[in-house]
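Q: Here you go, one structure.
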Amino acid sequence: MSQHDDHVQHTWTLTNADGDEISIDLWIDGYSVRVDGGPDDGHEDERGRDVIEQELLPKYTAAGYQLTRHHPVNAPESHEEPADDEEPEGADQKPDQCPQCASTDFEYEPNLTRGWREGPAWMCAGPSCSWGQWIVV
Ligand SMILES: [Zn+2]
């Protein structure tokens, strides 16, 4: 049980009255299944959680094994961008200091309209200052 388990998403462990242990790993790819121990030692499957919950677990419990624990190991593979990065577009163009009032506070304005021009901008948040700078996207 000291093997590297970066690839494992979820592990089920079953034991029988003799103390024999079966561990079933579902890999983070969501379909690779590997059985360690028991009658199917070394068995590999590619039908994911379904084959574990509908086939392997009932089969082993029928053979006298008991599910002693199961726990998630690693998060499933995900190709989504992390959502904790909420910086608006153009955050790297945020001015350091307002050239008119020397304020260092700026507010993101998603659609600043002045005359013919409109678009996202950084607006000075200084009191009674209306300086703003459009973000070049
Ligand atoms: Zn200002």
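The values are calculated or read from the model by the stated rules, or taken from the named source; none is laboratory data. These numbers were taken from a predicted model, which means no experiment stands behind them. Glycine gets a Cβ as well: all are built from the backbone with ideal geometry, and neighbour counts include every protein chain shown. SASA here: full protein model, heavy atoms, side chains in, ligands and nucleic acids out. Shrake-Rupley method; radii C 1.70, N 1.55, O 1.52, S 1.80 Å.
Q: Simple spin-label model, 7 Å along Cα-to-Cβ: residue 31 to residue 44 in nm?
A: Using points 7 Å along Cα→Cβ, the separation is 1.4 nm.
Q: To the nearest 500 deg cm²/dmol, what mean residue ellipticity at 222 nm is calculated for the chain from DSSP H runs of n ≥ 4 alone, each contributing -39,500 (n - 2.57), summed and divided by the residues?
A: That comes out to -1500 deg cm²/dmol.
Q: Using θ = phi - 60° and the Karplus relation 6.51 cos²θ - 1.76 cosθ + 1.60, list the HN-Hα couplings for the stretch 106-113 in order, rounded to whole Hz, with x at every Gly or Pro.
A: 9, 10, 6, 10, x, 8, 7, 10
Q: Describe numerically, in nm with one decimal, the distance between label points set 7 Å from Cα along Cα→Cβ at residue 63 and at residue 107.
A: Each label point lies 7 Å from its Cα, and together they span 6.7 nm.
Q: Using only C-alpha positions, report the orientation-averaged shadow area of the convex hull of the chain, nm², one decimal.
A: 14.2 nm²
Q: Here is a further query. Output wanted: per-residue J couplings in Hz (rounded whole) for the stretch 124-135, from phi through Karplus 6.51 cos²θ - 1.76 cosθ + 1.60, θ = phi - 60°, x for Gly and Pro.
A: Those phi angles translate into 5, 9, x, x, 6, 10, 10, 5, x, 9, 5, 8 Hz.
Q: Apply the Karplus curve 6.51 cos²θ - 1.76 cosθ + 1.60, θ = phi - 60°, to the phi angles in the stretch 23-31 and return the couplings in whole Hz, x for Gly and Pro.
A: So the J values, rounded to whole Hz, are 10, 10, 9, 9, 7, 5, 6, x, 10.
Q: Let me understand the stretch 91-134 better: what is its radius of gyration from the alpha carbons, and its Dmax, in angstrom?
A: Cα-based Rg and Dmax for the stretch 91-134 come out at 9.9, 27 Å.
Q: Before I look further, what does the chain give for accessible area per residue, probe 1.4 Å, in whole square angstrom?
A: Ligands and nucleic acids excluded, the figure is 67 Å² per residue.
Q: Amide H to amide H under 5 Å from residue 7: which residues, 5+ apart in sequence or cross-chain, H placed 1.01 Å off N in plane?
A: So residue 7 has HN proximity to no qualifying residue.
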